[in-house]
Every structure is written in C-alpha cells, then in structure tokens.
Amino acid sequence: MSKPNPAERPWSSQLRKGLVELTVLAALRGVKEAYGYELLQRINALPGFALTESTVYPMLARLSKVGLLRVRVGPSPHGPPRRYYALTAAGKKHLAAMSSEWSQLNDSIRSLLDEPES
Amino acid sequence: MNASNPDPHSATFSDDVQAKLDAHLDAVDAVLQKYAQSRSQRSAIVDELDGQLREMLAAKAAERDASEVALEDWEWVAVSIDPPEAYARQSIDLPATNFTGFANEEAAEPNVSRWSLVGLAWTVYGGVALTLLILLMLSRSSQIVRLPGGGVTSEVESPSRLWLLVLIPLIPGLFAPLVTTAMGILALSQIKRYPQKWCGWGLAVFDTVLFPSVVVLGVLFGVVWSAIFYGVEMIMMLNGNRNFFDDGWTNASVDRHTVLQLPAMALAGVSTAVVLWLVVRRLNRWGLGEPA
C-alpha cells in the first residue's frame, strides 16, 4: 500500500482528509458489499488517492456505529471473521446529500477557476 | 471486486510472524484505548487490520511460492503499513459523523488550546509566587530589640510557620519561565496540527516568547551596558580622568549610572523588539504552512 507523500502540501492533505467519509461511502455505492481491505484497495486504485488503514478502518467503525453502514460478518480464510460493509438506507441518503454538496462546491470552485484572468 | 489473490488455505504463519503480528495489533489496540475508542470500535478496527495483514502476508509468501509466511514477509509488510501512533492521529482528526452534511460539521467551533491556557495560568501563578517571596524577604528585615541591661541589639525575624506553609505550594510557580514556554510550544504544535479542533494561536505565541524575551532583554542590556560602561571608562582614562564614576561627580544632580543605563536600556529594548518581531513573524508563517 502506498504511503502519503510527506512533502504533500498541507491544503491538499486537509482536503483529502475532509473527503474521507464521502470517499468511503461512495466506494461502497457501486458494490453490494465489501470488507475493509477490499475497500481500501478499491479506493487506492483510483488516481490521486493514498488512504491508509489507520484512516479507513476507524472511519468504517464510526460509520457503522452511527447507522450509515450495515455490517455482515462472514468467514475468512485466515484470522478473524471478515466484516462486510454495505450502505444502509440512511447511508444512501447521507451519501446523496454529501454528493450534492460536493457537486455544488466543485461547480462553484470550477466556475471561479474558469474565470479569465484579469 | 477482487482483492489480492493468494492461496488462502496454503499459507501458515510461523511463531515469529505470529508474535510480530500480535505485538502490532496489541500496540494499535492500546493506542485506540488511550484515545477513548469503545471496546466494540477497537475490536472492529483491530479485526480489520488483522485480516488485512494476514492477507498481505499470505500474498507475499505466495509470491515466493512458500507455504509458510516467514519473518522476511513480515518485514516487507511492516514497512508499508501505518505505525500504531497513526491511529491516535486519526482518532482525533476525524470529526464524528452526522447526518446533515458539511455545513453542520463546520459549525463545531474550535476551543482555545488547553496548553496555552495552562501556560498563561502558570505565568500568573509565578507572578504571585514571586511577589509573595519578595514580601517574605522584606518582612524579615531586622528589628531593634532592647536588652535587659539597657543596651540594644538587632535581630532578623525568622519567617513564621504560617508564611512557610503559604509559600510551599507557591514554589512550583517559580518554574513559570520553563513551564509557560513549554506549554506555549505544545500549544503551537497542537493548534498547527489540529486547527479545526484548537485555536488561540496568539496566546500560544505569547506563552512561547514571553520569558525568552525577558532573557534576551536582560542579556542585551547587560552587553550594551557593559560596552557603554567600559567604553566611557576607557575614554575618560585616555583623556586623563581616571574614573568617570568615582571622581567626585557623586554630588552631581543626575546620577551618571542612570544617565548611561537609559540609552543601554533603550537600545536593548529596541533590539529585543526587533528580535521578537522576527520570531513571531517566523512562528506565524510556520503556523500558516508558509516557507519561513
């Protein structure tokens, strides 16, 4: 798993940190369910992402605790049973609200960036 | 979706690897416990990590066509995973999830850094302690005692037990220069790392630079005063007047020590202000993540 670049600009790090929740929920939208490491690999396969387990697993635990994710425990080839995560109805609703907010912010920033320089 | 694809049933774990794995998981669990994660939360996080590490180790062993995971596999995996301390950072950094999106998350106002408040309180504590100590010293002034034979003598009063009892808890206040500066540095670091959670940058800077500024002022005054003192002495000697300060000028209306101390103090004060300004500017730039 790739580690975050320490020389990364602080604003970029803060931006990604703020988007972890949205990223995790969005990564679960396109699949029926996924276990933690599987989800981590799915996210980090996307360009620009370098999330680590210490970020994603506490987030998964927290999202499950507040009812945005459903957990199904299944057998694992090794170690403890795997925890398979899926979006609940509340999770889908929350993701839709976050997605809308993100799109709005993205559009606003894009419109500012697209303005011709004075 | 497919994760990495080792043969999950062929890999076994040596005792060495199992010990390393357990130690890492225990360390992560301890960090999570320290940061008040509930038992179920910790269990979920550690189980996820356990599963990931076993999968990574099995994949690595499979690359070697080995059926047993060896220590070298662990060493390869260990460098690519987060250290246990990273879980403390994440526990603090990530805001609690709510159902109302970004707007409400932003509504959580940061609090003034506790470290900087402790630093300020310790400064006040130190001031009170110093004042009371000075009062005690003054109260020990000598007093005239009449002797039975008609003579008199003077005695120095010993501090009363009550005074001593009052002073003992004030002794830590005398460490204010060290404590306040350390608290200020801790507060600066805390606010820079978690700006969404902590504020009070100005107070933290104040705590950090207060006592070092006093030290700089004292040192600069000593240097400038010494330079002026010996410089004037030398000039006077060269002009045939042996001693500027002890040559009968003591009756002058203005004390010459004071006359020379004033420019020394002014020069030291201005120099300290410049140093202070440079330090504060550098700290502020560091806080904003700008190059110094």
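For this structure, a couple of remarks:
- Residue list for the range A:65-89, restricted to those being within 7 Å of chain B (Cβ to nearest Cβ) and not in a loop (DSSP other than H, G, I, E, B): A:Lys65, A:Arg82, A:Arg83
- Of all residues in the range A:38-54, none that is facing another protein chain (nearest Cβ under 10 Å) and outside any helix (DSSP H, G or I) has its Cβ atom under 6 Å from the Cβ atom of a residue that is surrounded by 22 or more Cβ atoms within 10 Å (Cβ to Cβ) and of a type in the set (A, V, I, L, M), 6 or more apart or on another chain.
- Verdict on A:Val31 being closer than 29 Å to B:Trp286 by Cβ, under 14 Å from the mean Cα position of the chain (by Cα) and at pLDDT 80 or above: no
- Subset of the range A:77-102 [in contact (Cβ under 8 Å) with a residue 24 or more places away in the chain and in contact with a Gly (Cβ under 7 Å, 6 or more places away or on another chain)]: A:Arg82, A:Arg83, A:Tyr84, A:Met98
- Residue identified as surrounded by fewer than 19 Cβ atoms within 10 Å (Cβ to Cβ) and in contact with a helix residue (DSSP H, G or I) (Cβ under 6 Å, 6 or more places away or on another chain) among A:Pro75, A:Pro116, A:Pro80: A:Pro80
- Only listed residue being at negative phi, modelled with pLDDT of 70 or more, exposed (fewer than 10 other Cβ atoms within 10 Å of the Cβ) and among the aliphatic types (A, V, I, L, M), chosen from B:Ile144, B:Ile168: B:Ile168
- Unmet requirement for A:Ser111, which otherwise passes all of (1) surrounded by fewer than 10 Cβ atoms within 10 Å (Cβ to Cβ); (2) touching a Pro at 6+ places or on another chain (Cβ under 9 Å): (2)
- Scanning the range B:1-59 for residues that are modelled with pLDDT under 80, in contact with a strand residue (DSSP E or B) (Cβ under 8 Å, 6 or more places away or on another chain) and buried (at least 21 other Cβ atoms within 10 Å of the Cβ) returns a single hit, B:Ala11.
The values are calculated or read from the model by the stated rules, or taken from the named source; none is laboratory data. Treat the numbers as computed from the prediction; the structure is a model and nothing was measured. Heads up, the Cβs are rebuilt from the backbone with ideal geometry, glycines too, and the neighbour counts pull from every protein chain shown.
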